[in-house]
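Structure, as structure tokens:
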Amino acid sequence: MARALTSDEMAVFDSLKQELGAAQLVFDTADAYYDGVQRLEQLGLAIPPELAKFTVIVNWPRVVVDAIADRLDVKGFRLPGTDVGDSELWRQWTSNGMVEADLMGRLDYLVYGRTYKCVGSNERDARTPLITVESPRQMITRRDARTGKIVEALRLYNVVNGEARSATWYRLNETHWLDGESGTWQVTDSDEHGMDYVPVVPTFRRRRTTIPAGRTLQGTSAMEDVIPITDAAARNISNAQLGQETHAVPQRGVLGASKGDFVDADGKQLTAWESYFGAVWALQNANAKTFQFDASDMQNFERMMDLYARLASGVSGLPPNYFGLAADDAASADAIRSRESRLVKIAERDQVALGNSDVEALRIAMRIRDGVWSDELVGMEALWYDAGTPTVAARADAVVKLFAATDSAGRSLLPREMAMEELGWSPAKIQRALSLLASEESDPYLAAMAVKDQTGGADAGASAVGA
């Protein structure tokens, strides 16, 4: 039975709704820069409307976001006290399509500076609770000032003519579904889960203890520092486009002629641009005189683009070649790793925030599945693929040396499972490798061959088979 919100509920609901609405302008700007459809407010010179098509957008914000996102790939989850990833947690993750959905969440995290995951019961499969990634455009959360715990979350959706018609309101012990089609919000369904926990996990990029003055949102977009430089570079290259059309080509002039003297072979009046760029000028006026100036040098635009690219590299942490600048040194493996050291560290910082939220979402999912909070899951960690760019040979060589090194008791310094993990293998691949190794070690013929290789004699192998 539908019911109207109480006055106290309506005050909290409206507050969350207004906060989410105030964030939309910030999100609009972020979307425009990532998609490369931002509008240049000031080009630096007067451009006629017919030349507006020469405007060029330099989409460096997308370069920054995608370069970091490409290094954020989760490969599994590990429980405390274990050496390999947990298969059940990975099943929960993959069953919800999170391998692909998390890609969208990471883009939201880098573009908007925030992303959200929601967890709920699954009517079709009670053993696999639902985990979904929600857009920051639709969701907002609020924390308790003392504990830092999420106490309210609101998701607005089903937008018609700019107004949401449906909402989901998450609270500590209950979740409400609301309908606003009639113009007033009414609760149409509720779930009193009693978890004393809001099943929404926000992730903020570069989160701070307080929101700085003048800002309405927590979280920092990966594009924020490079946006002003992008605008300057776009103005420069747009000006270069105009200069190429008007100054890079030798300037020509004519004296003693009028506009009507410029006609085509059929005597039809030529447009101004057809007249200017025409290869041959045929003038009806015999007294007209033509002349030509030297072309302008365009290198100043190139030098400025190089400067802006270096500035973008400095503030973003990406190597200069990501912005089109050629590297000064040879592209050796060590040189590549040296140039990408800041980018790798940025990605590793983001792995911490994203990994914590992934783990929290799985803890809530297990609570919904089992009905109790599991102490076993405290200390769970997300496993990530290496954010660096090491070569396969260099990584394998380092792992083999660590695995071969032994202590005074002859034990390897690096356990076999950990060696496989250091190679970048996923938990599923490690489990498969361990299973194959166990199968081979239990085979008497393979065991005999191993003894033969160690002793260097065929008799030892035969005796092992006979035994």
Checklist entry - Over the range 91-162, what lengths in whole Å, largest first, do the semi-axes of the equivalent ellipsoid take, defined as the square roots of 5 times the eigenvalues of the alpha-carbon gyration tensor? => result 22, 17, 15
Checklist entry - What is the fewest-to-most order of Arg91, Arg171 by other Cβ atoms lying within 10 Å of their Cβ? => result Arg91, Arg171
Item to check | Relative contact order %, the range 87-151, counting alpha carbon pairs below 8 Å whose residues are six or more apart | outcome: 27 percent
Checklist entry - Which values of log₁₀ I(q)/I(0), to two decimal places, follow from the Debye formula for the range 138-198 at q = 0.15, 0.20, 0.28 Å⁻¹ with a uniform point scatterer at every Cα? => result -0.49, -0.77, -1.11
Checklist entry - Which of Thr94, Thr132, Thr209 comes first, and how do the rest follow, when ranked by fewest Cβ neighbours within 10 Å? => result Thr209, Thr94, Thr132
Next on the checklist: Under 5 Å between amide hydrogens, which residues at least 5 positions from Trp384 or on another chain qualify, with H placed 1.01 Å from N in the peptide plane?
Outcome noted: Lys75
Item to check | Simple label model, 7 Å out from Cα along Cβ direction - Glu348 to Ala396, nm | outcome: 2.5 nm
Item to check | Cα-Cα over 22 Å, subset of Lys75/Lys345; Lys345/Lys401; Lys75/Lys117; Lys75/Lys401; Lys117/Lys429 | outcome: Lys345/Lys401; Lys75/Lys401; Lys117/Lys429
Item to check | FRET E, pair Ala22, Thr406, Förster distance 60 Å, beta-carbon r, rounded to 0.05 | outcome: 0.45
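Any read-out appearing in this document is the output of simple, stated calculations on the displayed coordinates, not a laboratory observation. The model shown is predicted, which means the values in this text are computed figures rather than measured ones. A quick note on method: Cβ atoms are made from the backbone with ideal geometry, for glycine too, and the neighbour counts reach across all protein chains shown.
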